[in-house]
Structures are given as C-alpha cells and as structure tokens.
1. Considering only segment 349-368, state which residues are surrounded by fewer than 24 Cβ atoms within 10 Å (Cβ to Cβ) and over 12 Å from Asn330 (Cα atoms).
2. What number of residues in segment 129-187 are among the basic types (Lys, Arg), in a loop (DSSP other than H, G, I, E, B) and within 30 Å of Lys458 (Cβ to Cβ)?
3. Condition first: surrounded by fewer than 18 Cβ atoms within 10 Å (Cβ to Cβ) and small (Gly, Ala, Ser). Now tell me which residues in segment 273-287 satisfy that.
4. Which one is surrounded by the most Cβ atoms within 10 Å (Cβ to Cβ), of the residues in segment 51-71 that are assigned to a loop (DSSP other than H, G, I, E, B) and either basic (Lys, Arg) or over 29 Å from the mean Cα position of the chain (by Cα) (or both)?
5. Which pairs do you get when a residue that is at positive phi and surrounded by 20 or more Cβ atoms within 10 Å (Cβ to Cβ), found in segment 387-412, comes within reach of a residue that is part of a loop (DSSP other than H, G, I, E, B) and hydrophobic (A, V, I, L, M, F, W, C), reach meaning Cβ atoms under 9 angstrom, with the pair 6+ apart or on two chains?
6. Do you know which of the residues in segment 46-60 that are out of contact with any Lys or Arg (no Cβ under 8 Å at 6 or more places or on another chain) and within 11 Å of Glu94 (Cβ to Cβ) is modelled with the lowest pLDDT?
7. Could you list, in sequence order, all residues of segment 92-133 that are within 22 Å of Asn162 (Cα to Cα), in contact (Cβ under 8 Å) with a residue 60 or more places away in the chain and not hydrophobic (A, V, I, L, M, F, W, C)?
8. Quickly run through segment 410-429 and pick out the residues that are within 26 Å of the chain's Cα centre (by Cα), part of a helix (DSSP H, G or I) and under 21 Å from Pro168 (Cα atoms).
Amino acid sequence: MARSWVAANLDAVRRFRSLNRIRAGPYSEDMILLRFLLLLGLSAWIVPALAQDIDHPDPKRRARAARELGRQGFEAIPRLEKLLSDPVLEVRIEAVKAIVEIGGPRSLDPLIRATQDNDPEIQIRATDGLVNFYLPGYVRTGLSATLHRVGTALRSRFTDTNDQVIEPWVQVRPDVIRALGKVARGGASMEARANAARAIGILRGKEAIPDLLEAIRSKDDRVIYECLIAFQKIRDPKVGPEIAFLLRDLDERVQIAAIETTGLLRNREALPQLRDVLENARSEKVRRAALTALAMIPDEQNRPLFVRYLNERDDGMRAAAAEGLARLRNSGDVVVLEKMFNEERKMPPRLAAAFALVMLGKTEMSEFSPLQYLVNTLNSASWRGVARAYLIELARETPVLRALEKSLARGTKSEKVELARILAQSGDRETLPYLENLAKDPDAEVQREALSAVRTLKARLL
C-alpha cells in the first residue's frame with residue numbers, strides 16, 4: 001500500500017518541484033518525495049498503522065501505539081479512549097498519559113473515565129490531567145510528575161507548596177468535581193485520595209465538600225492534611241464545626257492545618273478549644289497557630305490574651321496579638337499599636353501593627369503612614385505576600401479601597417501588579433475604571449495583571 005501511494009504521488013512531487021523551481025541537485029526523485037512526505041506528517045501511512053496496533057495482540061505494540069497517538073492531536077482521543085479499557089496496565093497508563101499530553105476539552109470525558117480505574121497511578125495521572133485543563137502547566141508540578149514504579153510499588157512525592165488555585169472566573173464542569181470527589185473518598189490508594197483532595201481545593205470544588213468530609217475521617221495524615229487545605233481554599237464557613245475534632249490531633253502538621261482552617265472559616269464555636277490549645281500547646285508552632293486563629297475570630301474575651309502576647313519574645317506571637325487587637329476595633333488600642341509600629345524592628349509584628357492601625361482608622365497615604373508602609377512592602381519579594389493579605393482585608397473598608405485606587409497611577413511596577421490583585425479581590429464597581437485604565441499601562445506584565453483583575457472583579461460582582 002505504501003509503495004502504490006508513493007508512486008501515485010510522484011507526479012504531484014514533480015509539479016511541486018516545477019512550480020517552485022526546485023532543482024533536484026544530487027537528490028533523486030524518490031528522495032525528494034520522501035522529504036515531501038515528511039512535511040505532510042506521513043499521516044497516510046502512520047494513522048492506519050496505529051489504528052491496527054491498538055488492536056494488536058502484543059501489549060507492547062499497543063502501548064507504543066498509545067505513545068505515538070499522543071503526538072497526533074485531539075483527533076486521536078477516541079482511539080486512546082478505547083485503550084483505557086485494555087486489560088494490561090502498561091497500556092492503560094500510556095493511554096492516559098497520551099490523553100493528558102493532548103489535553104483540550106475533548107480530553108475531559110476520557111480523563112473522568114480514567115479516574116474510575118482501579119490503579120492508583122492512572123487515577124493520579126487522570127486527576128492531574130483534569131486540573132491541568134483548568135490550570136495549564138499543572139502536570140509539570142503535580143504529583144504525576146514525580147511518579148515512578150519500583151517493581152509493583154508506586155512511589156511519588158508531594159510538593160511542599162500547595163497555594164495554587166484557579167481564577168474566580170474559571171467555571172469547572174460539575175462532573176469533573178464529582179469524579180474527583182469519588183477518588184478523594186475512595187481512591188485506589190491513599191496517595192490517589194490525597195491528590196484528588198488537593199485537586200478539589202485547586203478547582204474550588206465546593207460540590208465535593210461532602211466527599212472531603214468523608215475523606216477527612218480516614219486515618220491517613222496526608223489525606224487529612226490535603227482535605228484541610230482544600231477547605232481553606234473553598235472557604236465554606238459551614239465546614240468549621242466539622243473539623244473541630246482535629247484541633248488536638250497528634251500529628252502536628254495536621255493539628256496546625258486544622259487550627260489555621262478553623263481561624264480562616266471563623267468558627268466561633270471553637271474559641272474555647274483554641275484557647276485551651278494555646279495554653280497547653282506542645283510546641284511554639286502550635287501556640288503561634290492557635291493565637292493567629294483566635295486573632296481571626298474577633299471576641300472581647302480574647303483581649304487579655306492579645307495584650308499579654310503583645311510583648312512576647314516570639315515575632316509571630318507579637319504579630320498575631322497585634323492582628324487580634326486590630327479586629328477588635330477598639331480605638332483605645334491605637335496608642336500601644338503606634339508605639340509598636342514605630343519601635344518594632346522585626347517585619348512580621350511591624351506589618352501587623354501597620355495593619356492594626358489602618359484597621360483602626362489610620363487610612364491616610366502620607367510618606368510614613370501605616371497604609372503607605374504596607375503598600376511599599378509590596379516591593380519586597382520576601383514580605384509582599386503578607387502585605388497583600390493584609391491589604392485585601394483592609395480594602396474591604398471603603399476609605400482604604402478609595403485610597404488604594406488613587407495610588408495605582410503612581411505606584412512602582414510591583415505595586416501596580418500587587419494592587420491589581422488586591423483590588424480584584426476586594427474592589428467594587430467604582431474600582432473597575434481604575435483597573436481598566438491600568439490595563440493601558442506601557443508595561444506588558446502590568447497590563448496582563450490588570451486585565452486579569454478586571455475579569456476577576458467582574459466575576460465577583462455578578
């Protein structure tokens with residue numbers, strides 16, 4: 001068949017050469033034809049051959065066919081999906097890897113199907129592929145990037161960074177979240193379950209909260225931890241009472257995550273437990289997490305604790321105490337917080353003192369004002385994340401929001417980028433013209449962030 005196809009196209013090659021005035025030189029007509037066929041991708045030969053190989057009795061041939069089909073684009077997905085039912089594990093793995101590599105909307109249904117496989121590697125790769133569709137590039141850093149088999153054992157390594165989340169305007173198909181929820185509560189391995197829980201958090205999968213609540217009852221620390229971080233990203237306050245039993249967990253990493261999640265979800269019912277944890281903590285990290293959580297849930301009963309720890313030796317404890325006083329909103333605390341802001345030499349407590357003073361009404365944007373200090377800190381690679389979090393919360397107050405909007409035009413590049421992100425999270429309809437004007441900035445990166453902020457803010461305002 002190949003020879004007849006070549007012969008039939010000799011005239012076409014001659015015409016191609018004549019029209020383009022190509023000299024044969026040292027090459028024969030057959031050599032010119034071969035080079036011409038390579039430009040066409042050899043599709044007339046390869047695709048039929050691959051179609052035959054996916055049904056070949058040799059599983060190695062079928063696995064090779066899956067790898068080759070992965071280079072053919074979205075049109076190869078139906079043939080790859082057929083291989084997801086192959087009885088040989090190696091073939092199914094190559095098929096799901098190829099589907100992930102192709103990506104695109106047509107990959108979603110096959111990947112949802114692959115999450116139902118009974119092999120953990122396939123579930124993990126399918127999970128990462130689903131996330132990758134909504135968060136491009138995720139497969140390069142997700143769990144599947146570290147997978148390898150040693151004999152029959154599957155080994156992988158979770159990355160320590162777990163702060164990724166899709167943009168608010170991104171809409172995830174409900175069946176994707178349902179599929180990930182099933183893996184989280186009953187996947188083929190604890191790693192597959194933990195990975196699915198992480199994916200749900202990244203995709204803000206609120207519909208999978210019941211699955212996460214079931215998964216969090218497992219005895220595996222990794223699964224529990226990933227569920228807690230997912231709850232932090234989804235931010236549904238109703239979850240708070242459901243995780244209170246973990247506030248005294250024996251695994252310190254899980255306990256701290258549970259404490260942090262309780263604070264972020266503002267679970268007032270847990271205040272007595274948090275105070276008890278603070279007074280009886282096994283480590284400084286746990287004490288710091290407990291005081292920080294208490295600071296996020298305003299309650300006058302906590303005032304003596306905040307006043308006591310305002311002079312604590314630990315930087316983090318002083319910062320948490322200042323945050324606590326900030327959210328109590330008592331103007332009588334201004335004097336002590338001003339002293340702290342002016343005399344503190346460590347960044348965490350000084351930033352917290354600035355946050356507190358702005359919260360208590362110091363909203364002017366003068367050279368040495370607390371609000372200007374927070375904006376200036378957006379230029380620091382080490383501390384901009386802390387300043388950003390404070391400013392997102394502060395910008396929910398109208399005077400602060402208006403002040404930040406006016407500071408956009410005169411900001412540095414880093415300030416413009418960060419302020420765009422902040423205003424996207426806390427802005428209102430009056431903020432849109434400022435962001436739309438920022439989208440005309442001569443710096444390309446600033447333009448991109450401004451346009452992204454406009455989309456995020458419009459999605460929030462709907």
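The values are calculated or read from the model by the stated rules, or taken from the named source; none is laboratory data. Because the structure is a prediction, the values reported are computed rather than measured. Because the Cβ atoms are built from the backbone with ideal geometry, glycine has one as well, and the counts that use them run over all protein chains shown.
1. Once the filter is applied, which keeps residues that are surrounded by fewer than 24 Cβ atoms within 10 Å (Cβ to Cβ) and over 12 Å from Asn330 (Cα atoms), segment 349-368 yields Arg350, Lys362, Thr363, Glu364, Met365, Ser366, Glu367, Phe368.
2. Going through segment 129-187, the residues among the basic types (Lys, Arg) turn out to be 140, 149, 155, 157, 173, 178, 182, 185.
Next, from what is left, pick out any that are in a loop (DSSP other than H, G, I, E, B): 157, 173.
Imposing the further condition that a residue be within 30 Å of Lys458 (Cβ to Cβ) reduces the set to 173.
Number of matching residues: 1.
3. Ser283
4. In the first step, residues of segment 51-71 are kept if they are assigned to a loop (DSSP other than H, G, I, E, B); the result is 54-58, 70-71.
Okay, now just the ones that are also either basic (Lys, Arg) or over 29 Å from the mean Cα position of the chain (by Cα) (or both), so 54-58, 71.
Values: Ile54: 22, Asp55: 12, His56: 13, Pro57: 6, Asp58: 10, Arg71: 13.
Looking at residues that are assigned to a loop (DSSP other than H, G, I, E, B) and either basic (Lys, Arg) or over 29 Å from the mean Cα position of the chain (by Cα) (or both), I get Ile54.
5. none
6. Filtering first and then ranking leaves Pro59.
7. If the condition is that a residue be within 22 Å of Asn162 (Cα to Cα), in contact (Cβ under 8 Å) with a residue 60 or more places away in the chain and not hydrophobic (A, V, I, L, M, F, W, C), then Thr115, Pro120, Gln123, Thr127, Asp128 are the ones that fit.
8. Taking segment 410-429 first, the residues within 26 Å of the chain's Cα centre (by Cα) are 413-428.
Cutting the leftovers down to part of a helix (DSSP H, G or I) gives us 413-426.
Within segment 410-429, Lys416, Val417, Glu418, Leu419, Ala420, Arg421, Ile422, Leu423, Ala424, Gln425, Ser426 qualify.
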